[in-house]
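Please treat every number below as a calculation from the coordinates, not as lab data. Not measured: the values here are computed from a predicted model. Every residue, glycine as well, gets a Cβ built from its backbone with ideal geometry; the counts of neighbours run over all protein chains shown.
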Amino acid sequence: MTFGMAGGAFAQASSAETSDMSSAGNTNGGGLPQIQTQGAVSFTSGGVGLDESHALIREQAHWPLSLRFTGPTADYLADVHVRIADEKNAEVLKTDAMGPYMLVKLPPGRYTVYARYKDSEKKQTVTVAGNGKAKADFHWSIQ
């Protein structure tokens, strides 16, 4: 699913444990989407609306890893399948991004992030340090 730069309201189910699976109507305040947990990993994703985009960008500094998903002409993407594996190739997170931004709380270490949009998978290796400034951008040229 693609969204123009302005975005729109969007809600989607995720495989994570949470009582509110939508990115809209969250209880975190300030426009930040619902924080979810899978095992020891916490994450949030969204950003198709302006409030969510601003909240997620503002919060990036407080999360060890931030991911961004874009398509042609910098269109925001949602429905990106995300899988993160540690350096032993053990899966630590598997979910679908609810928008172009995803913030992930991981312990320090080296991880491989797999992101699949439609039938195209990309991967990047990231090193999460104690200061939590790791970022990865994924861009697809398909709609």
### Message
Full-extension gain between GLN124 and ARG110, please, as 0.36 nm times their residue separation minus the C-alpha to C-alpha distance.
### Response
4.0 nm
### Formal net charge of residues neighbouring PRO64 (Cβ-Cβ distance under 11 Å; K, R +1; D, E -1)
+3
### Message
How would SER42, SER53 line up from fewest to most surrounding beta-carbon atoms within 10 angstrom?
### Response
SER42, SER53
### Task
Please give, to one decimal in nm, the separation of the simple spin-label points placed at ALA74 and ALA90, each 7 Å out from Cα toward the Cβ.
4.0
### Task
Loop only per DSSP, at most 16 neighbouring Cβ atoms within 10 Å: give me the GluC sites (Glu not before Pro) in segment 42-143, ordered by residue number.
GLU87
### Query
Exposure proxy check: VAL41, VAL80 ranked by fewest other beta carbons within 10 Å?
VAL41, VAL80
### Message
Please arrange ILE57, ILE142 by how many other C-beta atoms lie within 10 Å of their C-beta, fewest to most.
### Response
ILE142, ILE57
